[in-house]
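Notes follow once the structure below has been shown.
Bear in mind that the values in this text are calculations on the coordinates, not laboratory data. Keep in mind that this is a model prediction, so the values were computed, not measured. Every residue, glycine among them, receives a Cβ derived from its backbone with ideal geometry; neighbour counts consider all protein chains shown.
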Amino acid sequence: MPVPTPEEIRQARKKLGITQTELAKRAGVSQAYIAKIESGQADPKLSTLRMISQALQSPPSNDLTAGSIASAPALSVRPSDNVIRAVRLMERHGISQLPVIERGKQVGSISEGTILRLLSQGSNAQSLLRRNIRSVMEEPFPTVDQSASLQSVISLLEHSPAVLTVDRERITGIITKADLFKLITGE
């Protein structure tokens, strides 16, 4: 079995879509040690490299949960905010949609698609940007418990641009189709 270089370890880990912590658990070492190996700051024993190599060759874990892949916290807007606030948040953070939250509860969603649809229907851009989100928001995103399986999230993302994760009814994060693609490609 060939011994992987630090860069090969990092690339293989990312390709599998696992964190340094998950790799460390599989290989029986600490996350800090994996980080040092990947950065070239540690010169591990051959036996350690073999354990890491074996861990990287094992099939990807199917025990990924919604909470482990969600981006947190979930950026959001309020129904009383103007559309311009949503546009600026999406632009600044490179995202395409936002949940609309009122008193800790999701009441709707807004997306680039929503805004483009309104513009294509003849809305004046300046007046649209001044409108409050309540007047243009769409249905809320589906929610799942943080412990929900990755497969559950995938099923929901087939029909929705995003899924929110919750813990005891408190919103803890958001998962988008882009997040899922990053997980698959390891980027």
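Observations on the model:
- Computed log₁₀ I(q)/I(0) - Debye formula, equal Cα scatterers, no solvent, the chain, q 0.11, 0.13 Å⁻¹: -0.61, -0.75
- Straight Cα distances below 27 angstrom link LYS15 to the lysines LYS25, LYS36, LYS45, LYS177, LYS182, with same-chain residues fewer than 8 positions distant left out.
- Taking θ as phi - 60° and the Karplus parameters 6.51, -1.76 and 1.60, the scalar couplings of the range 68-73 work out to 6, 10, 6, 7, 9, x Hz in sequence order, x denoting glycine and proline.
- Size of electric dipole in the chain: Cβ of Lys, Arg +1 and of Asp, Glu -1, about Cα centre, debye, nearest 20: 360 debye
- Taking 18 Å as the straight-line reach from the Cα of LYS14, the aspartates and glutamates in range (excluding those fewer than 8 positions away in the same chain) are GLU22, GLU38, ASP63, ASP179, GLU187.
- In order along the range 77-93, phi translates into HN-Hα couplings of 10, 9, x, 7, 5, 7, 4, 4, 5, 5, 4, 5, 4, 4, 5, 5, 9 Hz, rounded to whole numbers, per the Karplus curve 6.51 cos²θ - 1.76 cosθ + 1.60 with θ = phi - 60° and x for Gly and Pro.
- Orientation-averaged projected area, Cα convex hull of the range 6-57 (nm²): 2.9 nm²
- Separation of alpha-carbon centers, the range 1-55 and the range 69-102, rounded to whole Å: 36 Å
- The range 92-185, dipole about Cα centre (Lys/Arg Cβ +1, Asp/Glu Cβ -1), debye to the nearest 20: 380 debye
- A convex hull fitted to the Cα coordinates of the range 122-187 yields 142 cubic angstrom per residue.
- Packing order of peptides 145-157, 8-20, highest average first: 8-20, 145-157 (average count of other Cβ atoms within 10 Å over each peptide's residues).
- Long-range HN-HN contacts of GLY108 with modeled amide H, under 5 Å: VAL100
- Projecting the Cα atoms of LEU129, ILE52, SER152 onto the dipole axis of the range 44-187, where Lys and Arg carry +1 and Asp and Glu carry -1 at the beta carbon, places LEU129 farthest toward the positive end.
- In the range 70-154, the inverse of the mean reciprocal separation of distinct Cα atoms equals 13.6 Å; this is its Kirkwood hydrodynamic radius.
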